[in-house]
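I have placed the structure first, in the form of structure tokens, so that the comments after it can refer back to it.
All of the numbers you see were taken from the coordinates with simple rules; none came from a lab. Owing to the predicted nature of the structure, the values given are computational and were not obtained by experimental measurement. Virtual Cβ from ideal backbone geometry, glycine too; neighbours counted across all protein chains shown.
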Amino acid sequence: MNQGEQKIVAEAVSLQEVARNCAGLFLYWTNFDDLGNLGPVHRVTAPAGAILVEPWDSARAYWVVLDGEIRADRPEPDGSRTPVGFARTGEGFGEAPLLTGKTHSPFLLQQ
């Protein structure tokens, strides 16, 4: 790693902790104690430009953007990338593979 380069950090935290710190994202949830039964979630911190998921990596995750923006690109046969979506602070994504039973995503996710 170069001097000044930041790395991607994933840490297991309780959903209660995330919800309490981001109450604006959970407008209709009033009893954060109920969230303790759901088990841990992973808080991912990444520098701008970091690739979070490569195409065809496992897609068994639902993401909520706590701060910043995530871009999803579709790789093309010629090596270029086509933007297919953005998620910004307070938005979630990743439900389609979970709901359709897919285990992998063809998209590249980048901070």
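Taking label positions 7 Å along the Cα-Cβ direction at both residue 67 and residue 43, the computed distance is 0.9 nm, reported to one decimal. So between residue 74 and residue 102, what do we pick up on full extension, going 0.36 nm a residue minus the alpha carbon distance? Full extension of this stretch gives 8.4 nm more.
Taking amide H positions as modeled 1.01 Å from N, with prolines and chain starts lacking one, the residues under 5 Å from residue 105 and 5 or more places away or on another chain are 56, 57, 59.
Work out how much length residue 17 to residue 81 would gain on full extension: take 0.36 nm times their residue separation and subtract the Cα-Cα distance, in nm to one decimal. Could the numbers behind the result be given before it?
Details: separation 64, 0.36 × 64 = 23.04 nm, distance 3.58 nm.
Roughly 19.5 nm would be gained on extension.
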